[in-house]
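Each remark here refers to the structure printed beneath this line.
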Amino acid sequence: MDSQLTANEAALRLFFTDDIYIVNGSDDQIDAVAVQTKPRAEAIAFKFLGSNKRNVLILVNDSQNEVSDEKGRELLRKIVKSVNLSAADFALVNYAAYPDVKFEQFQSYFSPALVFAFGVSPLQLALPDQARNAIVQQGQVRLIFSTELKALDQDAATKKALWGSLQKLGL
């Protein structure tokens, strides 16, 4: 029978998530070697609508609906259509299901070139505060932060400001 002992660092990290100390020597003289392990980052399996073929991430924030109420969903359909996107082009995520997820995690998972955030603030995503309804840049990613869809549907001035930014996207 083969020995089941291993000194392979990668294999040991699978089983031990705390520091491991190997102690050699007598009580008078102890040589300790610490093998430090890093906690593994938990992979998040995001639930989203769309296919994300054009790397466009749409974040909504509605704790009561999958996306929004009927008026909010209709407004979102109009916004998406106005910038020539289809469901195949974007990934739609309800941030309410992932309130502790930061921009870096979304970026790592979806690789967005463009992010629309409706009802999700830059601060919630661990980003510097930004102007609303304006195109802002975070590295190679363009972002537009706006109010939550239900509130946006009822606010003509905010919709007009958002529309001005959407026209500048050139999609």
Q | All positions within the range 137-171 that are assigned to a loop (DSSP other than H, G, I, E, B), of a type in the set (D, E, K, R) and either touching a Lys or Arg at 6+ places or on another chain (Cβ under 8 Å) or over 20 Å from Val56 (Cβ atoms) (or both) | A | Asp155
Q.
Pairs needed: first member in the range 116-127, under 20 Å from Ile79 (Cβ atoms) and among the polar types (S, T, N, Q); second member anywhere, modelled with pLDDT of 95 or more and surrounded by 22 or more Cβ atoms within 10 Å (Cβ to Cβ); C-beta distance under 8 Å; at least 6 residues apart or different chains.
A. Ser121/Phe145
(Q) Any residue in the range 82-108 that is over 23 Å from Gly164 (Cα atoms) sitting within a Cβ distance under 6 Å of a residue that is β-branched (Val, Ile, Thr)? List the pairs, counting only those 6 or more apart or interchain. (A) Asn94/Val60; Tyr95/Val120
Q | Check on Ala134, touching a residue at least 24 places away in the same chain (Cβ under 8 Å) and in contact with a Ser or Thr (Cβ under 7 Å, 6 or more places away or on another chain) | A | yes
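The values are calculated or read from the model by the stated rules, or taken from the named source; none is laboratory data. Only a predicted model underlies this, so the values are computations on that prediction, with no experimental measurement involved. When we count neighbours, we look across all protein chains shown, and the Cβ atoms used for this are built from the backbone with ideal geometry, even at glycine.
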